[in-house]
Amino acid sequence: MKPIHWQKEMGRITLLPERGRILQVTVGGQAAFWNNPQWTGDWNVGGDRLWVAPEVDWFWNSAKRPDVQQYQIPATVDPGRWQVENLEPSSCRWRQRSRVECRHRKSAVDIELTRCISLVADADVPYFTQWMAYRTDNELRVLSGTKGQRIGLWSLLQIPAGGQLMFPCRSKPAFRLYFGSIPRALWSRTAEQVTCRITGDHQYKIGFAPDVIRGRMIYARPVKGGQLVTYREFHPQPWRDYADRPLSALQTQGDAVQVYNDSGKYGGFGEMEYHSPALTVGRGNDYLQDASYTVVGFVPTRNWQKWVRHWVR
C-alpha cells in the first residue's frame, strides 16, 4: 500500500500503512521526523513506530553485555504483519498478531497489537504559529505465553540531528546508561529538567525511571526564524512494573523514557522513546492500553521563551 497523506492548512501527516507507523509530519514546509534517504526496506525507514519491550529479551542475543553484533530485530515486530482495520479521513487503525521469542532463554509470548492514530483538529497550542497534532492509542493483548514473562509497549520516534531533547523531571533528575557513552558536553541538568543534545555522530542510550519524569518530552531543532518542535505527552505510572532496563541492572524497576543518539552507522538520527507499564504472563491481567498526544509545530523566535515557560516548565 502506498503512503497515505493527511493534508491540512498548516501541514501534512504521512502514514506508512504496511508498517503501522507515522512516516512524517511536515509543518510550514519543514519535516519534523527523520526518514532514511537510503531505505532498503528494512526496519530503519524512520518516523513514529511501535515495538514491544523488554529489549533484552526480544532484541539482544545475549544478556551478558551490550554488543551491537548481538543485536537483532525480530521480523515479527518489524516489519511485522500490520493490517489496516479502519481508515478514515482523519484516523487510521491497525491490528496485528505476532509471536515474540526470547533470544537467550526458552520463553515466548503470542500477542495482539492494535494501534490507532487520530488527528486532533482543536488542540490548545499557545505560541505555535503553525502546527499539526495527533493522538496515538496503542493496545496490547497477551494471547498465550511463558508464565512469568514480562512484555510491554515501546513507542519510538526517530528525529533528525541538530536539536535538543528536553525532559521535565519531578525531582532529582537522574538517568542511567544502557550502552555507549554520553560525554558531559552532550547533556545538561537543572533541578527540574534534563536536556540531551542529538548529534547523530556519537552513540549512546540512556533511560529515566517512571518516578523521575513528568510525562513530557520535547525535541526542539533550530530552523529559519525559530524552532521546529516535537512535543509528546504520555502517562507514566511509577507504581506499576516497567519491563525495560539496562543489561547491568536487570533486577531493578524498568525505565519509562529513553533517549538514543546514533553514531552515524544507521543514518545519524536520534530517538525519543517511552514505555508503557508491563504485563506479566500468567499473573491475571492480559491486556493493557497506552495513549499519547503529539504536537509538531513551528515556534518563532519571538515566542520561544514564552513557549518554554508554558510547555516545558
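Under 8 Å between Cβ atoms, at least 6 apart or on separate chains: pull out the pairs that start in the stretch 245-259 with a residue that is of a type in the set (D, E, K, R) and end on any residue that is surrounded by fewer than 19 Cβ atoms within 10 Å (Cβ to Cβ) and assigned to a loop (DSSP other than H, G, I, E, B).
Hits for this filter: R245/T252; R245/Q253.
Note down all Cβ pairs under 6 Å where the first residue falls in the stretch 31-54 and is touching a residue at least 40 places away in the same chain (Cβ under 8 Å), the second is acidic (D, E), and they're at least six residues apart or on different chains.
Cβ pairs passing all conditions: A53/D244; P54/D244.
Look through the stretch 157-214, keep the residues that are assigned to a loop (DSSP other than H, G, I, E, B), of a type in the set (G, A, S) and under 16 Å from the mean Cα position of the chain (by Cα), and return whichever of them is surrounded by the most Cβ atoms within 10 Å (Cβ to Cβ).
Taking the stretch 157-214 first, the residues assigned to a loop (DSSP other than H, G, I, E, B) are 161-162, 170-175, 181-183, 190-192, 199-203, 209-212, 214.
If we keep only those that are of a type in the set (G, A, S) as well, we get 161-162, 171, 174, 181, 191, 200, 209.
Cutting the leftovers down to under 16 Å from the mean Cα position of the chain (by Cα) gives us 161, 209.
Working: A161: 18, A209: 20.
The qualifying residue surrounded by the most Cβ atoms within 10 Å (Cβ to Cβ) is A209.
Test of understanding: among D110, D78, which residue is acidic (D, E), under 21 Å from D290 (Cα atoms) and not in a strand (DSSP E or B)?
Details: D110 fails: not in a strand (DSSP E or B).
Only one candidate passes the filter, namely D78.
Which of the residues belonging to the stretch 55-94 are acidic (D, E) and under 18 Å from the mean Cα position of the chain (by Cα)? Spell out how you get there, then give the answer.
Filtering the stretch 55-94 down to residues acidic (D, E) leaves 55, 57, 67, 78, 85, 88.
Answer for the stretch 55-94, where residues must be acidic (D, E) and under 18 Å from the mean Cα position of the chain (by Cα): E55, D78.
Given the structure, is G20 free of Cβ contacts under 8 Å to residues at least 60 places away in the same chain, of a type outside the set (A, V, I, L, M, F, W, C) and closer than 22 Å to E271 by Cβ?
no
Restricting to the stretch 116-135, count the residues that are under 24 Å from D78 (Cβ atoms), of a type outside the set (D, E, K, R) and either out of contact with any Lys or Arg (no Cβ under 7 Å at 6 or more places or on another chain) or outside any strand (DSSP E or B) (or both).
The qualifying residues number 2.
Output the residues belonging to the stretch 69-83 that are out of contact with any Phe, Trp or Tyr (no Cβ under 8 Å at 6 or more places or on another chain) and either in contact (Cβ under 8 Å) with a residue 60 or more places away in the chain or surrounded by 22 or more Cβ atoms within 10 Å (Cβ to Cβ) (or both).
G80 - this is the single residue of the stretch 69-83 that is out of contact with any Phe, Trp or Tyr (no Cβ under 8 Å at 6 or more places or on another chain) and either in contact (Cβ under 8 Å) with a residue 60 or more places away in the chain or surrounded by 22 or more Cβ atoms within 10 Å (Cβ to Cβ) (or both).
Restricting to the stretch 98-156, name every residue that is modelled with pLDDT under 95, surrounded by 15 or more Cβ atoms within 10 Å (Cβ to Cβ) and under 30 Å from R309 (Cβ atoms).
Result: A123, single match.
Examine the stretch 248-260 for a residue that is closer than 22 Å to V45 by Cβ, buried (at least 19 other Cβ atoms within 10 Å of the Cβ) and acidic (D, E), and state whether such a residue exists.
No: the stretch 248-260 contains no residue that is closer than 22 Å to V45 by Cβ, buried (at least 19 other Cβ atoms within 10 Å of the Cβ) and acidic (D, E).
Any idea which residue in the stretch 215-247 is surrounded by the fewest Cβ atoms within 10 Å (Cβ to Cβ), counting only those that are closer than 18 Å to V125 by Cβ and over 13 Å from the mean Cα position of the chain (by Cα)?
G225
Mind checking which residues of the stretch 57-107 are aromatic (F, W, Y), in contact with a helix residue (DSSP H, G or I) (Cβ under 7 Å, 6 or more places away or on another chain) and under 17 Å from E139 (Cα atoms)?
Correct list: W82 only.
Could you list all residues from the stretch 88-97 that are loosely packed, with under 15 Cβ neighbours inside 10 Å and either closer than 30 Å to N61 by Cβ or among the hydrophobic types (A, V, I, L, M, F, W, C) (or both)?
Hit for the stretch 88-97 is R97, nothing else.
Checking H235 against (1) more than 30 Å from G11 (Cβ to Cβ); (2) free of Cβ contacts under 8 Å to residues at least 60 places away in the same chain, only one condition comes out false. Which one?
Single failed check for H235: (1).
Filter the stretch 25-56 down to the residues that are surrounded by 21 or more Cβ atoms within 10 Å (Cβ to Cβ) and touching a Gly at 6+ places or on another chain (Cβ under 6 Å), then identify the one that is nearest to V142 (Cα to Cα).
A53
The values are calculated or read from the model by the stated rules, or taken from the named source; none is laboratory data. Small disclaimer: the values here were computed from a predicted structure and weren't measured. FYI the Cβ positions are ideal-geometry reconstructions off the backbone, even for glycines, and counts take in every protein chain you see.
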